[in-house]
Amino acid sequence: MTSKPGLAGGIPERRVRPIWDAVDSRQFKTALKLSAALLAKHPNSPYAIALKALILERTGRLEEALSVCLEAKELLHSSNLNMVQMDDLTLSTLQIVFQRLDRLDLATQCYEHACRKFPNNLELLMGLFNCYVREYSFVKQQQTAIKLYKIVAEERFLLWAICSIQLQVLCSSGGEKLLSLAEALLKKHIASHSLHEPEAVVMYISILEQQARYEDALDILSGNLGSLIGIEVDRLRLQGRLLARACNYTAAAEIYQKVLQARPDDWGSFLNYLGCLLGTDFSWSTSGSSQLCSSDNVDFQGGKSTNLPLEVFDSRIESALSFVQKLQMEVHDGLARCPYLASIEIERQCRLRGKTDAKLLEALLNYFQRFGHLSCFASDLECFSSTLTQTERAEIFGRFIEISESSKHSPLKKLGQAITIFKLDEVFGFLTVLPVEELVETSTKMVDVYCKNLVLSSDLDPQENMHGEELLQMASSALVMLYWRTRCYGYLLEALLVLEFGLNIRKYVWQYKLSLVHLYSYVNALPLAYEWYGTLDTKNILLETVSHHIMPQLFVSPLWSETSALLKDYLKFMDDYLREAADLTFLAYRHRNYSKVIEFVQFKDRLEHSNQYLAARTEYWILQLKQETNTLEEAECILEKLDRGMQLLEVSSDEKLNSLTFNEDLQLRPWWSPSSHVNYLSEPFDGLSACSRENLFKHQACENGNIVRNVIARKSLVPRLIYLSIQSATTSLKETVEPNASEKDANSNEELRFLLEKYARSLGLSFDDAVKLIFEISKGQRSFKDFGTDMVVGCMNFAVFLNAWNLCSNHPLLLHQDGVNLISWNVVENLVNTCIAEQLICARRVLDGPGSNLPSLVQLITEPFTWHALVIKSCLRSMLPLGKKKKKSGLSDHLNLRHLSLVSNSIDCLSNGIQKVHKWLEDQMNGSEDSRLDILLSQVKVMQSETGPGSILRILEECASSSHEELGERIYGALQLWSSADVIRKLVNSQASLLLKFQDICGAKLKMLEVMKRSF
Amino acid sequence: MTTIRRFCCEDLLRFAPVNFDHLTETFNMSFYMSYLARWPDYFHVAEAPGNRIMGYIMGKVEGQGESWHGHVTAVTVACEYRRQQLAKKLMHLLEDISDKIDKAYFVDLFVRASNMPAIKMYEKLGYVVYRRVLRYYSGEEDGLDMRKALSRDVEKKSMIPLKRPITPDELEYD
């Protein structure tokens, strides 16, 4: 990297090397010593200074590192350094340190200065370009790339500029006319130098495509430049897409035919082929420059029916059918499903056009005969199920059963078909309408088939999936349905046991684990859910896509250390990625993969706006506040780190909330909870409408988005509200008024009022309506029962912060008739009493099944009650300053006494409320572990009849006790170890540990309140 | 039913059903993105109807002279789509690119010595155990370096097994 061989920043390399070696081997002390010696010899060398800064930064001496870096920067700017001393090595070393100190701007300034001084230095300009990449300054990137290109007319520099233009168009508000500039630059370059990199061609075509210049793009693709795209199928797909976008459907269909001849199993290309052939009304993905990588298939399944005249339609269908038949004949491996599923799709198109012959059913039967044993059969057909009428579904289902029963396949294939039939039972929506007894029968049969076929897996390696693993998953799901329909807790316990049984035999089945995470969460055994979640080894990007399976439950639980660990992991992952994303983008630039440059920047944007990321940042700090509230100073210290709560207000600005992205993979959630805000089991069973597959995911997109936005908006206000509330409480009782304080206080108070309005809005209320609502509840005119947990907690928070605001500016509703007495204290107290009473009245025993109010109680006590205690503490601190306990007389004393009694009442009220919860928790844990175990076991063992909870457990027990060695050592051994009682015992213990954790929290709060009480 | 196309970043958000597999490692972001930035032709994903991810292969091309070769870093298939020879298709694709586009001499890969199903599969695809790498996996389990010669290595010199095992620090590449 040095400009001159043997020299590093003007210093002989042999003198520098030992320092780098020491840094690399983390010998920082040695490194510092060597660096001091180097500096003694070269006191004015920016490179030597930069090295020192680098070592300081590595040892955590950040401030010193920054000041040393600034010293080097100063030197670079001020003195008349020569080229050798201002080389890229010096600047890049400084850059590394500045970047780690989060001061990219300073690094950029250094490079900018150097480039001004030595404007024709390629290395420096490339370094500057990299700085702008890091800062996502697309315009400056473009300018720098053009400078580079002017110095040497290399293709790569031109493409750097083209990418920078693309980024302006796609990721910022750059005008589309920039595209014609890009095109002109490329054309000029091609005329003199042509293009040599496939990705350069891709970018060129992309520029044309974005301007809707499809014909031009096609010319490029079919010319010499097009041949640079090495993978033939990629080139053809691109060509097909351009032709289709140019509305040249006939030619596009021909191209897709070619793709299918090369790749007969390419379903995406088949859909495109048929779409073009029939002129279906569809829209192509218009994503920028990622033609070679993104899935550019059309949304064909949702496409409207074609408008072709009937005879043209018929002839096109004819030709599609004959093409597909030809493909079927040519493919001999028996594995390519596409040509056969294609027949079904063709018939579906005919159906959409109004033809109602039996060919669709024929095609489906054919598909079943060939592929009915495959694990993916049901999901292949899923999108076709809505085309069939209920009668047809029943008919085809019956025919599948016939085929499967009469088939002479191997036992393995027969098992596969049986599983497919069970799956279709669910896909077609039959399970939801089955009478309870038949549903029990079906789920029993699933488990029975699993047990009877265990022997087929006897020789399998433990790493391999066992045959029939899906059966237990399906049985468990059917048992959950039975619970929903009958409310019989035993079914839910059996649903757990079935999965545990499977994991006992093979511990790697993640589908079982994921279901258990949800089931254990639902039955108040969150620690066990967390344990199973842990075995999924969720890390890196999976934290973004799958932590929704456990994170929302943890947020409202007393498992603080687990929540904190998960949040830390997640935030670290996101922060690390966001920090290094730009360097990875530059890597794509360097390796000339220009389409990846665009893709990387867009992806970074997507993750940066992740709703979970925003939520996690807020929850992380709220958790800190929940945990550290024993003294006011601790809370203030945390708030200080958050810039007094301002930081979170900034991260959840309206602009951010409006550009939220949702990256969670919700497909893997159980049917009964399609998003973390929906749980069908908590609602009455409503049969078809809720659980038919088509309806399942409707909840997700739209509603989820709004709920999430509101929650984030609301929660992000909390730290600032706490801060201002503490201030308000202090101000209202201050004995001496500081000069200029009143204006500051008035501003704070105004801000508090403004944020309260925002808070009310996030609850769907205006400020006045929210005040009215809590006032009415406190008077007993309305009840919390009319609202969900979020609203109850939200109202309580609002009341607490409103009271704090009211201390300084009285609201007419919250002022006693005497005009002096603040009744907002009483409102809070009444609300505390009401919500605790109402929650406890309807709280079920945890042991009796799901639906206890534990999460609501946890939230109430750890959030609004805790914030209220902080307000009280702030009042106490003002009223009873340390060392000022002597008696005073006069007005302030009178005020203090009155407040003291208000405050004292509030402490009593909180204390009583928490005490009641503490007592409730104690009652829950009455009795021995064994007695609790017996209660639960009796739920699954009570029925000895053929149906009802218990029948499946009986099959499992029989399977375990009658197992033979022919099952193989591993399976046999596992079955010997099976004990359903052990599983239930773990469940009971997990529930107890959750309750105990919460009880500890309550205990600590009570102790804290006691201390407060004793302080006056 | 396999649309095989280049892997893109957004696929990272949808590959959980594949990566939950206990033998499939979920790497950090810079790992995936370095591969995408450097060897996009070696990173492919297979999609099923409904755009479900069936599996993917990631790899690279590296080395000098006669050891210029394609390398399979990961190949994995979701359980729903196993036993359909998808891994074979993905491997062929990578071999084809190494052979025809990059003119490499051979393709190699590492596999846990205990992962018999995978070893058998690679053997069926024409790979042989070239050498054993002692304690390659987290300093605990041995890895097998398996190789398959491509058309440029006419005499298949690259896949003549070594007689003795090596240690990870003797490896030529990371």
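Descriptive notes on the structure:
- Given A:Lys413/B:Lys89; A:Lys626/A:Lys997; A:Lys568/A:Lys1005; B:Lys88/B:Lys157; A:Lys513/A:Lys941; A:Lys626/A:Lys772, the pairs whose alpha carbons are separated by over 20 Å: A:Lys413/B:Lys89; A:Lys568/A:Lys1005; B:Lys88/B:Lys157; A:Lys513/A:Lys941; A:Lys626/A:Lys772
- For B:Lys156, a cut-off of 16 angstrom between C-alpha atoms picks up these lysines, skipping any fewer than 8 places away in its own chain: B:Lys103, B:Lys148.
- Sorted by Cβ density within 10 Å, fewest first, the residues A:Thr585, A:Thr538, A:Thr356: A:Thr356, A:Thr538, A:Thr585
- Each of B:His22, B:His44, A:His899 was scored by other Cβ atoms within 10 Å of its Cβ. Arranged with the fewest first, they read B:His22, A:His899, B:His44.
- Between B:Ser67, B:Ser138, B:Ser151, the GNM of chain B built on Cα springs shorter than 10 angstrom shows B:Ser138 fluctuating the most.
- Computed over the protein assembly as shown, the per-residue total of -39500 (n - 2.57) for DSSP H runs of n ≥ 4 gives a 222 nm mean residue ellipticity of -20000 deg cm²/dmol, rounded to 500.
- Anisotropy class of chain A from Cα gyration tensor, a/c 1.5 cut: oblate
- Electrostatic tally near A:Gln473: other residues with Cβ closer than 13 Å to its Cβ, Lys and Arg +1, Asp and Glu -1, net -2.
- With contacts taken as Cα pairs under 8 Å and at least 6 residues apart, chain A reaches a relative contact order of 9 percent.
- Annotation: the residues A:Arg782, B:Arg52, sorted from fewest to most other C-beta atoms within 10 Å of their own C-beta, follow the order A:Arg782, B:Arg52.
- Residue of B:Gly126, B:Gly50, B:Gly65 that the Gaussian network model of chain B assigns the largest fluctuation, springs spanning Cα pairs under 10 Å: B:Gly50
- Dimensions in Å of the range A:1-135 - Rg and Dmax from alpha carbons: 13.7, 39
- Qualifying GluC sites (Glu not before Pro) in the range B:84-164, where qualification requires a DSSP coil assignment and no more than 13 other C-beta atoms within 10 Å, comprise B:Glu140, B:Glu155.
- Other residues within the sphere of radius under 11 Å centred on the Cβ of A:Leu236, judged by their own Cβ, net out at +1 (K and R +1, D and E -1).
- Around A:Glu757: net Lys/Arg minus Asp/Glu count, Cβ-Cβ under 15 Å: +1
- Positive dipole terminus of the range A:539-601, leading residue within A:Val597, A:His548, A:Leu578 (C-beta point charges): A:Val597
- With contacts taken as Cα pairs under 8 Å at a separation of at least 6 residues, the range A:407-546 carries a relative contact order of 17 percent.
Just so you know, all these numbers are worked out from the coordinates, no wet-lab data involved. Keep in mind the model is a prediction, meaning the values are calculated, not measured. Virtual Cβ from ideal backbone geometry, glycine too; neighbours counted across all protein chains shown.
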